[in-house]
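The values are calculated or read from the model by the stated rules, or taken from the named source; none is laboratory data. Everything numeric in this text was worked out from a predicted model, so none of it was measured. A quick note on method: Cβ atoms are made from the backbone with ideal geometry, for glycine too, and the neighbour counts reach across all protein chains shown.
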Amino acid sequence: MPRPRNEEAVSERNVGTRVTATDMTTGESSTVEIFNDYVVIADGDRYIDGIQVWPKTGTAVITVKRGKPTPGRVEAEEAREGMGD
């Protein structure tokens, strides 16, 4: 089965992406380099409410909501660590 066109383009260029985020209040910055991955940044009153992953297809659904998180929700970073990267 042939790979989708966008997968071929990613693997052929073989480069990643460097993402830098700066906290506008403190001035503190953090930089990560990713390859064949994604970064989600929620700001203000937006938060990541849920992550669903289907390993067989490589599909991930990330739910971003507005307002205050429900008490007891798993933080996004904790959820990602549990995805078996």
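Within segment 9-41, track down each residue that is in contact with a helix residue (DSSP H, G or I) (Cβ under 8 Å, 6 or more places away or on another chain) and either modelled with pLDDT of 90 or more or not in a loop (DSSP other than H, G, I, E, B) (or both). Matches in segment 9-41: V40 only.
For segment 43-57, which positions are at pLDDT 90 or above, of a type outside the set (S, T, N, Q) and part of a loop (DSSP other than H, G, I, E, B)?
Of everything in segment 43-57, those that are at pLDDT 90 or above, of a type outside the set (S, T, N, Q) and part of a loop (DSSP other than H, G, I, E, B) turn out to be D45, P55, K56.
Against the test of being modelled with pLDDT of 75 or more and out of contact with any helix residue (DSSP H, G or I) (no Cβ under 7 Å at 6 or more places or on another chain), the options V74, V64 yield a single qualifying residue, V64.
Contact map, segment 47-66: residues that are aromatic (F, W, Y) paired with residues that are loosely packed, with under 10 Cβ neighbours inside 10 Å and not in a strand (DSSP E or B), Cβ distance under 9 Å, separation 6+ or inter-chain. Pairs shown: Y47/G67; Y47/K68.
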